[in-house]
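*Asks:* Below are the structure tokens for one structure; questions will follow.
Only the coordinates and a few stated rules stand behind these numbers; no lab work does. Note that the structure is predicted; figures quoted are calculated from it, not measured. Here the Cβ positions follow ideal geometry from the backbone for every residue, glycine too, while neighbour counts run over all protein chains shown.
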Amino acid sequence: MIIAIDGPAASGKGTLARRLAARYGLPHLDSGLLYRAVAHHLAAHGGDLADAAAAERAARALDPGQLGDPALRTRGAGEGASIVSAHPGVRAALLDFQRSFAATAPGAVIDGRDIGTVICPDADVKIFVTASPEERARRRALELEARGEPADHAAILADVRRRDERDMTRATAPLKPADDAVELDTTALDADGAFAAAVAIVDART
Ligand code: C5P
């Protein structure tokens, strides 16, 4: 069973994907970490995020063993990821890893931006998770504060809007719901409410 969870930054799709994976006994891949790792590697080696060839080389050399690095969870890495992820060569370099992850038994839960549209167009269940930009910024601020990082609300809201704009308008694999995705608006839901709604969607489709 393949469950594709897509949605904008800080929509809660990561938490949802983790919980669905546990519930259905499936491995989970947070595909955003791949793009974050590419950005982090480039930045750490003095590279330029706008350099498509260098970014693609970093993507091809990516070691999936490093995806647990906490440095990938910072605001800077997320911002960098949204820049390198617009390079078609970077997306192409990361495609096979994601497809093989999905193809390995017993299936997978993968969350990202283009899982239902590009990576796993035949996924059994596709959920497109949304929430208002203000609510997403509020959640992101709480997350950062919990990790002891400074959380400037206005800056985070600006970040969320900038990432939405970049992710939705890029030419390759823009953020958008697949035609057969179920949209789940979590603005008024807490994590448990979002999880219950997602389980209902999965159970209705499988
Ligand atoms: O989901 P997360 O915030 O970790 O993603 C960071 C950035 O990586 C996103 O803003 C997006 O530009 C990019 N991304 C992507 N495709 C994915 C996952 C993430 O383009 N499947």
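*Asks:* Non-local amide H neighbours of residue 186 (under 5 Å, H modeled in plane, Pro and chain starts lacking H): which ones?
*Replies:* When sequence neighbours closer than 5 places are left aside, the close amide H contacts are 130, 131.
*Asks:* Give me the net charge of residue 111's neighbourhood, meaning all other residues with Cβ under 12 Å from the Cβ of residue 111; Lys, Arg count +1, Asp, Glu -1.
*Replies:* So the surrounding residues net to +2.
*Asks:* Shifting gears a bit: Per residue, what volume in Å³ does the Cα convex hull of the chain take up?
*Replies:* 113
*Asks:* Oh, and also: Would you pull out the residues with amide H under 5 Å of residue 170's amide H, same chain only if 5 or more places away, H placed 1.01 Å from N?
*Replies:* 175
*Asks:* Ordered by residue, what ³J(HN,Hα) values in Hz, to whole numbers, does region 110-117 give under the Karplus form 6.51 cos²θ - 1.76 cosθ + 1.60, where θ = phi - 60° and Gly and Pro are x?
*Replies:* 10, 10, x, 10, 10, 5, x, 8
*Asks:* With springs only between Cα atoms under 10 Å apart, run a GNM on the chain and tell me which of 176, 126, 13 wobbles the most.
*Replies:* Of the options given, 176 has the highest mean-square fluctuation.
*Asks:* How big is region 32-103 along each principal axis, measuring the range of its Cα positions in Å and listing the largest first?
*Replies:* 34, 26, 17
*Asks:* How far apart, in nm, are two points set 7 Å out from the Cα along the Cα-to-Cβ line at residue 63 and at residue 18?
*Replies:* In this crude label model, residue 63 to residue 18 measures out at 2.4 nm.
*Asks:* Let me ask something else about it. Each residue of region 180-187 in order: what ³J(HN,Hα) in whole Hz does its phi give by Karplus 6.51 cos²θ - 1.76 cosθ + 1.60, θ = phi - 60°, with x for Gly and Pro?
*Replies:* Result, rounded to whole Hz: 9, 7, 9, 8, 10, 8, 9, 3.
*Asks:* Could you work out the relative contact order of the chain? I mean the mean sequence separation of Cα pairs under 8 Å and 6+ apart, divided by the number of residues, in percent.
*Replies:* After rounding, I find 33 percent.
*Asks:* Amide H of residue 87 versus every other amide H placed in the peptide plane: which residues, excluding those fewer than 5 positions away on the same chain, fall under 5 Å?
*Replies:* Correct list: empty.
*Asks:* Tell me, what ³J(HN,Hα) does each residue in region 72-89 have, in order and in whole Hz, if you take phi through Karplus 6.51 cos²θ - 1.76 cosθ + 1.60 with θ = phi - 60° and put x for Gly and Pro?
*Replies:* Once θ is set to phi - 60°, the couplings for region 72-89 become 6, 8, 7, 4, x, 5, x, 5, x, 4, 6, 7, 5, 6, 7, 7, x, x Hz.
*Asks:* Summing -39500 (n - 2.57) over the DSSP H runs of n ≥ 4 in the chain and dividing by its residue number, what mean residue ellipticity at 222 nm do you reach, to the nearest 500 deg cm²/dmol?
*Replies:* -16500 deg cm²/dmol
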